[in-house]
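Worksheet: the structure to be examined is printed underneath.
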Amino acid sequence: MTNDDIQKIIFDALAMANNGREADSQIPLSTETQLYGTGGHLDSMGLVSFLVDIEESLQDSGIYISLSDERAMSQQNSPFRDVQSLSGFIVQLIGEN
Amino acid sequence: MEVPKHILITGASRGLGRALAEHFIHRGDFVYGCSRSDQTLDAENYCHFKANISSESDISEMFSKLRKQTKYLDALINNAGIASMNAFALTPLESFTKIFATNVQGTFLCCQKALGLLKKSANPRIINMTTVAVPFQLEGESIYASSKSAVETMTRILAKEYGSFGITCNAIGPSPIATDLIRGVAIDKIQNLVNQQAIKKMATADDVINLADFFLRPESGMISGQIVYLGGVS
């Protein structure tokens, strides 16, 4: 799975999140998009829902990884802060898998 | 006319799970069932998955297949469960492990894996199964009742965490019903239990179905985190 594939999965999950959001609070589909934390578009349950959608898309491609393990939650620089960091985190997890 | 629902029932091959599956199949809903055994129900609107609910890989595989069958789930009914009667001091660790793996871990995994499908439903519901052995604190049922206590707490907390997705989560605690789960329990013991209920008679699968129907109604969207026992047990 390439970086582009992973980014597409992330954007698909963001598009799914946008389905349930008002027109004036749509999340931009960009690598710079802030996801969670200061300036992020997602609250804690929004993040959960978003990560579940990504995990399921990965599972449908035969990749079984857990994005919300304790390590991710305790990292000083959260991998969930923006699209780019999340994409890098997924690449790292797949590499370790 | 009501729109058919997409419902996943664990432990659907016999007992209460089968009765629930047959009810929803008859009503025209799309029913997905799982059990350790091969398919025993045959209907156009029924799809069976062979899965051991205590196995994470089996559950992951089942949900992968399920996502190919349906884009959303209206209800998850965590019915699969095992019981074992024994004096606490004599209960082998193996029994403890097996009961918790099925009743607690199985419910946990299914609730977790079903989130993605449930949140795409207009009226998503989770129904867990508990037992009157919890409020009765039945001797000889310490491990089974403890496992169901865990399910009850999980139900209440899940109601809060999944509430933001519009998912309600409730539990049904049947009073004694003649199913495989209580086969082998002495009749006088069952009668003694029934005599402690406000409504002193055995329950039937229809009593559970009635309550499940109630939780699944679109109008029941404000009812969550509730543990409802049959027979007037509280």
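The values are calculated or read from the model by the stated rules, or taken from the named source; none is laboratory data. Just so we're clear, the structure is a prediction, and the values are computed from it rather than from any experiment. Here the Cβ positions follow ideal geometry from the backbone for every residue, glycine too, while neighbour counts run over all protein chains shown.
If I ask for residues that are touching a strand residue (DSSP E or B) at 6+ places or on another chain (Cβ under 6 Å), surrounded by fewer than 24 Cβ atoms within 10 Å (Cβ to Cβ) and in a loop (DSSP other than H, G, I, E, B), which ones from region B:6-26 would you list? Residue satisfying the conditions is B:S13 alone. Among the residues making up region B:61-80, a single one is at pLDDT below 95 and outside any helix (DSSP H, G or I): B:K71. For region B:116-154, a tally of residues being basic (K, R) and within 14 Å of chain A (Cβ to nearest Cβ) returns 2.
For A:S49, only one of the following conditions fails: (1) under 18 Å from B:K120 (Cα atoms); (2) touching a Ser or Thr at 6+ places or on another chain (Cβ under 8 Å). What is its number? Going through (1) under 18 Å from B:K120 (Cα atoms); (2) touching a Ser or Thr at 6+ places or on another chain (Cβ under 8 Å) one by one, A:S49 breaks only (2).
The single condition among (1) in contact (Cβ under 8 Å) with a residue 40 or more places away in the chain; (2) within 17 Å of the chain's Cα centre (by Cα) that B:A87 does not satisfy is (2). Determine whether B:I209 is in contact with a Pro (Cβ under 6 Å, 6 or more places away or on another chain) and part of a helix (DSSP H, G or I). For B:I209, the condition - in contact with a Pro (Cβ under 6 Å, 6 or more places away or on another chain) and part of a helix (DSSP H, G or I) - is not met.
Listed here are the residues, each with its yes/no results for (1) within 14 Å of chain A (Cβ to nearest Cβ); (2) touching a strand residue (DSSP E or B) at 6+ places or on another chain (Cβ under 8 Å); (3) within 23 Å of B:A212 (Cβ to Cβ); (4) hydrophobic (A, V, I, L, M, F, W, C).
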residue	(1), (2), (3), (4)
B:C34	no, yes, yes, yes
B:C47	no, yes, yes, yes
B:S55	yes, no, no, no
B:L66	yes, yes, yes, yes
B:L73	yes, yes, yes, yes
B:I82	no, no, yes, yes
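I'm trying to understand the selection: among the residues of region B:151-181, which are more than 15 Å from B:G225 (Cβ to Cβ) and of a type outside the set (S, T, N, Q)? Scanning region B:151-181 gives B:P174, B:P176, B:I177, B:A178, B:D180, B:L181. Within region B:64-77, residues that are among the acidic types (D, E) sit with their Cβ atoms under 8 Å from residues that are in a strand (DSSP E or B), at 6+ positions apart or across chains, in these pairs: B:D74/B:H6; B:D74/B:I7; B:D74/B:R125. Of all residues in region A:28-86, those satisfying the criterion of being surrounded by fewer than 12 Cβ atoms within 10 Å (Cβ to Cβ) and modelled with pLDDT under 85 are A:D69, A:E70, A:R71, A:M73, A:S74, A:Q76, A:N77.
Checked across region B:207-217, the condition of being in contact with a Phe, Trp or Tyr (Cβ under 9 Å, 6 or more places away or on another chain) and modelled with pLDDT under 95 holds for no residue. Considering region B:101-115 alone, what residues qualify as being within 12 Å of chain A (Cβ to nearest Cβ) and out of contact with any strand residue (DSSP E or B) (no Cβ under 7 Å at 6 or more places or on another chain)? B:Q112, B:K113, B:L115, listed by residue number.
Conditions tested, residue by residue: (1) in contact (Cβ under 8 Å) with a residue 40 or more places away in the chain; (2) farther than 16 Å from A:D5 by Cα; (3) within 14 Å of chain B (Cβ to nearest Cβ); (4) over 13 Å from the mean Cα position of the chain (by Cα).
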position	(1), (2), (3), (4)
A:E32	yes, yes, no, no
A:V52	no, yes, yes, no
A:S57	yes, no, yes, no
A:D69	no, yes, yes, yes
A:R81	yes, yes, no, no
